[in-house]
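Scroll down for the structure; my scribbles are underneath it.
Rule-based calculations on the coordinates, nothing more; no lab input. Values in this document were obtained by computation on a predicted structure and should not be read as measured data. Cβ sites come from the backbone with ideal geometry, for glycine too, and all protein chains shown count toward neighbours.
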Amino acid sequence: MNKTIARYLVLNLGLFALMLLIILSIAGAFLGADKASMFFNSPPLAVFWIFLTGLFCTAFFFWKSLYRRVNLLLCHAGCVAVLVGGLWGSAAAHRLRASAGISEKLTKGTIILRQGQTGNQVMLADQTGTFALPFEVHLEKTQVTFYDEGIIAVYDAGGRFLGTIPAEVGDVYELPVEPPARVRVAKQFENLRLQLHPEGGVQPVEGEPDQSNPGYEVLIQTAEGQQHALYVFEQFEPHFLPNVPFLARFIKPRNPREYTSHLVLKKDGRVLTEKTIRVNDPLYYGGYHFYQSDFGQDQFGPYSSIMIVSDSGVRTVFAGYALITLGLFGQFWVKPLLHRRAQRGADAH
């Protein structure tokens with residue numbers, strides 16, 4: 001096979017591969033993130049990625065004119081870097097390196113921690129087992145903030161809705177009852193606990209700081225001068241207290257604005273690094289990115305789901321994108337600009 005036929009074959013195979021890549025990308029957009037990830041990392045697609053990388057590499061041999069066209073060379077080299085980086089960071093490449101004894105590294109997984117908890121066992125993304133990190137992850141604090149605020153709804157003894165007030169300590173509000181009554185949030189607790197009072201009834205106390213049970217003390221004063229104390233928990237439904245003709249319920253905000261988790265990475269009791277992570281603002285350490293992926297809260301307190309992703313191949317992929325950007329910028333902006341200047345100079349002479 002002479003060089004002309006080989007160039008013709010490589011060119012047509014390259015065009016076919018690019019058309020197939022466009023079709024696969026469109027199909028993957030309808031699969032969803034998880035199915036698309038499995039599809040593009042499947043063995044048949046791995047063969048396709050290697051084949052496409054090989055086609056790009058052969059262009060450096062068959063088309064020497066690339067070396068005289070810097071912008072096209074940058075774009076071409078960038079495509080190769082993106083493909084090589086993606087292959088190097090794939091799950092299959094991780095398995096091959098581990099079996100060869102080169103390195104054993106987590107590809108992608110999730111660790112779920114409660115506030116104040118420490119661990120290093122990561123559930124693998126394919127749910128085939130766990131992976132032990134060479135250091136520990138400590139979740140010092142996790143929380144969610146909302147666009148809207150929580151409110152407290154007040155009811156009478158018959159269950160009739162009387163109105164709502166902000167779940168904030170301070171202002172006094174009028175309740176539409178006869179005779180009139182006033183209501184306010186007297187105190188807010190991070191870990192509300194109710195204890196029996198020696199003289200009867202209950203009294204609120206702040207519990208241990210390493211636990212979470214948010215709550216409020218709500219005071220209602222009637223026109224006759226009687227004052228009733230209600231205790232509202234964010235995580236539990238309320239119930240009527242003896243001799244208290246009112247009921248208060250916490251209504252959670254509905255529109256989350258941001259999830260955050262303060263992570264501290266440790267080894268042998270020594271702090272390696274720490275950071276408050278947010279969605280799209282991960283912590284990077286030891287070849288891994290730690291992403292805030294989910295948040296929850298139950299009767300035991302808040303917990304956070306942290307996605308851990310290997311950085312293998314990421315720098316190569318980013319470098320490839322940078323080369324492609326430079327090549328396109330030079331081809332479609334710098335080159336026409338220089339051409340116009342040269343044309344004006346020729347016209348002036």
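A few notes on this one:
- Near Y288: Cβ cut-off under 12 Å, other residues only, Lys/Arg at +1 and Asp/Glu at -1. The net charge is +1.
- Dipole magnitude (debye, nearest 20) for the range 149-251, charges at Cβ of Lys, Arg, Asp, Glu: 260 debye
- Label zone at Q226 (point 7 Å along Cα-to-Cβ), backbone N below 18 Å, the range 248-264: 248
- Using alpha-carbon coordinates, inclination of helix 43-62 to the longest axis of the chain, degrees: 40 degrees
- Scattering from the range 23-83 was approximated by placing one identical point on each alpha carbon and applying the Debye formula without solvent; log10 I(q)/I(0) at 0.17 1/Å stands at -0.68.
- Taking all Cα pairs closer than 8 Å and separated by 6 or more residues, the relative contact order of the range 149-251 comes to 27 percent.
- Nearest-ten-degree value, helix 314-329 long axis tilted from longest Cα axis of the chain: 60 degrees
- Taking the longest Cα principal axis of the chain as reference, the axis of helix 70-88 is set at about 60 degrees.
- Peptide packing: for 32-39, 48-55, 283-290, the average count of neighbouring Cβ atoms within 10 Å per residue gives the ranking 283-290, 48-55, 32-39, highest mean first.
- Dividing the summed helix terms, -39500 (n - 2.57) for each DSSP H run of n ≥ 4, by the number of residues in the chain produces a 222 nm estimate of -11000 deg cm²/dmol to the nearest 500.
- Residues Y8, Y216, Y259 arranged by fewest to most Cβ contacts within 10 Å: Y8, Y259, Y216
- Dipole of the chain computed with +1 at Lys/Arg Cβ and -1 at Asp/Glu Cβ about the Cα centre; of H76, I23, A223, farthest Cα towards the positive end is H76.
- Cα centroid separation, the range 43-97 to the range 281-309 (Å): 33 Å
- When only alpha carbons are used to place a centre, the range 98-141 and the range 197-262 end up 38 Å from one another.
- Cβ-placed point charges (K, R +1; D, E -1), dipole of the chain about Cα centre in debye, nearest 20: 3060 debye
- Mean projected area in nm² (Cα convex hull; one quarter of hull surface) for the range 149-251: 6.8 nm²
- Counting only aspartates and glutamates at least 8 places from K252 when in the same chain, those with an alpha carbon closer than 15 Å to its own are D148, E149, E168, E234, E237, D298.
- Positive dipole terminus of the chain, leading residue within I50, P256, H239 (C-beta point charges): I50
- Residue (of L192, S212, G286) at the positive-pole extreme of the range 158-295, dipole from beta-carbon charges: G286
- The three principal axes of the C-alpha atoms in the chain carry coordinate ranges of 104, 62, 38 Å, sorted with the longest axis first.
- Dimensionless Rg/Rh of the range 277-349 - Kirkwood Rh, Rg from C-alpha atoms: 1.43
- Within the range 17-141: Cβ-based charge dipole about Cα centre, in debye rounded to nearest 20 (Lys, Arg +1; Asp, Glu -1): 400 debye
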